[in-house]
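Here's the structure, in structure tokens; my notes come after.
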Amino acid sequence: DTGNGEQLYECPMCSLTCTNIQILEEHVDLHLEEQGFSEGGDIRDLELAQRLQMEEDKWQRSEEEKREREEFKKLQRQYGLDNSGGYKQQFLKNMEREVDRGRMQPFEYHKRKADMMECLAFGIDDGKTKTSGVIEALCKYYQNENKDVRHVWLSTGVDHFHSSLGDRGWGCGYRNFQMLLSSLLQNSLYNDCLKDTTLIPSIPKIQSMIEDAWREGFDPHGASHFNNRLHGSKAWIGASEIYSLLTSLRIKCQIIDFHKPTSPMGTHPRLFEWVLRYYSTDNEGGAKVVCTSKPPIYLQHQGHSRTVVGIEEKKNKTLCLLLFDPGCPSQEMQKLLKQNSDGTSVKLLQKFVGSLKKKQYQIVAVDGVLSLEEKVARCHASQVLTSEKIP
């Protein structure tokens with residue numbers, strides 16, 4: 001009341017005074033409409049933001065799944081598990097490519113195809129990528145070398161095998177097994193174990209032999225990685241498969257895992273020391289060149305494998321591995337057979353500590369024969385533990 005009889009009405013929302021109750025009601029209604037619109041707008045904005053976020057999350061999940069599928073397919077292709085065919089299919093495809101490019105005559109294609117089919121039927125390697133006599137040549141070379149080698153230990157005789165048209169890009173593990181087997185076949189200690197393997201098997205045959213080892217119960221975890229199937233694929237194999245195969249043949253061996261570098265420079269001097277002990281134990285003495293009875297060593301790292309056939313000790317005490325690489329063609333290996341070698345070709349085989357800087361290395365070393373009982377025990381053990389780690 002203003003005191004002069006005039007009634008005033010105050011807005012409860014903004015304290016505005018009005019002299020007419022209807023005007024005040026309309027004024028308050030405007031406040032309520034404005035507030036409702038504002039609140040509704042906030043709700044609509046929130047709903048829109050949530051919907052956009054959900055769509056963004058869905059798109060990101062879809063893209064992530066797409067990337068995972070592509071990565072999985074890439075890994076399948078890389079490791080030969082994409083059902084694109086195996087040794088035979090790749091051999092024929094590469095020969096056809098050679099004919100198309102004019103680097104192979106059709107008659108040669110048909111002859112090589114017939115030879116390949118015959119070898120595959122009998123399960124033996126065709127020997128076309130083999131170089132023999134390298135260890136013997138190395139022995140003569142080191143006896144005449146008078147520069148900086150104090151001692152050198154060489155494995156027993158080993159044939160070198162390199163990749164062919166059928167396994168280029170994925171066959172290194174199989175080729176290294178062929179190298180190791182070529183040495184064991186020359187050692188009478190393993191005659192009984194290898195009585196059914198008198199010739200070097202072909203890669204498809206080696207794949208079947210590994211599958212046989214899996215069926216016996218070796219390394220079920222590794223077998224499941226390959227869906228229990230290697231034959232007809234371009235699957236890469238590693239130290240575990242080599243161990244399983246050798247043990248299934250009653251050949252005593254072990255996997256040593258150098259799972260991290262053992263020097264601040266990212267190198268593996270412990271690996272070199274282990275190889276030195278392997279070759280020099282029971283082979284010590286004053287001789288500069290020691291041709292041991294030790295088999296070569298299978299050496300694996302991510303993406304590749306090689307065969308250790310010996311080790312040098314320099315006059316300054318540094319060590320140097322001698323490696324057969326399946327990627328080295330026969331033409332290069334045959335240079336080592338020349339008696340007038342000046343050491344240039346030997347450099348193909350030499351690897352110093354600074355040359356091996358992968359994060360992890362595994363070796364498979366052979367050391368005798370297993371009894372049937374020992375084989376069964378190792379089969380059971382392989383289902384739990386397959387390697388010893390060097391700290």
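The values are calculated or read from the model by the stated rules, or taken from the named source; none is laboratory data. The structure displayed is predicted, hence computed values, not measured ones. Because the Cβ atoms are built from the backbone with ideal geometry, glycine has one as well, and the counts that use them run over all protein chains shown. Calculation scope for accessible area: heavy atoms of the full protein, side chains included, ligands and nucleic acids excluded. Shrake-Rupley method; radii C 1.70, N 1.55, O 1.52, S 1.80 Å.
When Rg/Rh (Cα atoms, Kirkwood Rh) is calculated for this entry, the matching label among (i) 1.40; (ii) 1.14; (iii) 0.97 is (i). I want to make sure I understand the PRE zone here: with the label point 7 angstrom from the Cα of Ala377 toward its beta carbon, which residues in segment 196-235 have backbone N atoms less than 18 Å away? Backbone N within reach: 218-219.
Taking amide H positions as modeled 1.01 Å from N, with prolines and chain starts lacking one, the residues under 5 Å from Ser202 and 5 or more places away or on another chain are Ile124, Asp125. Starting from a Cα-only point model with no solvent, please compute log10 I(q)/I(0) by Debye for segment 177-247 at q = 0.14 1/Å. Normalising to I(0) and taking log10 leaves -0.43. For the pair Glu65 and Lys113, a Förster radius of 35 Å applied to the C-beta separation gives a FRET efficiency near 0.25, rounded to the nearest 0.05. Its relative contact order, with pairs defined as Cα atoms under 8 Å and 6+ residues apart, puts segment 134-217 at 23 percent.
Taking every pair of alpha-carbon atoms in segment 83-217, give the share separated by more than 26 Å as a whole percent.
37 percent
Ligands, DNA and RNA left out, the accessible area of the chain computed with a 1.4 Å probe is 50% carbon and sulfur. Between Leu372, Leu323, Leu194, the Gaussian network model of the chain with springs among Cα atoms under 10 angstrom shows the greatest mean-square fluctuation at Leu372.
Which value, in Å², gives the accessible area per residue of the chain when a 1.4 Å probe is used on the protein heavy atoms?
55 Å²
For the chain, what is the mean residue ellipticity at 222 nm derived from helices alone (per DSSP H run of n ≥ 4: -39500 (n - 2.57); sum divided by total residues; nearest 500 deg cm²/dmol)? Could the numbers behind the result be given before it?
Values: 11 runs with 171 residues, N = 391.
Mean residue ellipticity, 222 nm, calculated: -14500 deg cm²/dmol.
Within the listed set Pro204, Pro264, Pro12, the Gaussian network model of the chain (springs between alpha-carbon atoms below 10 Å) gives the highest mean-square fluctuation for Pro12. Measuring how big segment 191-350 is from its alpha-carbon positions, Rg and Dmax come out at 18.1, 52 Å. In the context of the full protein assembly, Ile237 retains an accessible surface of approximately 10 Å², using a probe radius of 1.4 Å and ignoring ligands and nucleic acids.
Remark on segment 90-136: Rg and Dmax equal 13.2, 41 Å (Cα only).
Among Glu96, Glu136, Glu211, the largest mean-square fluctuation in a Gaussian network model of the chain (Cα springs under 10 Å) belongs to Glu96.
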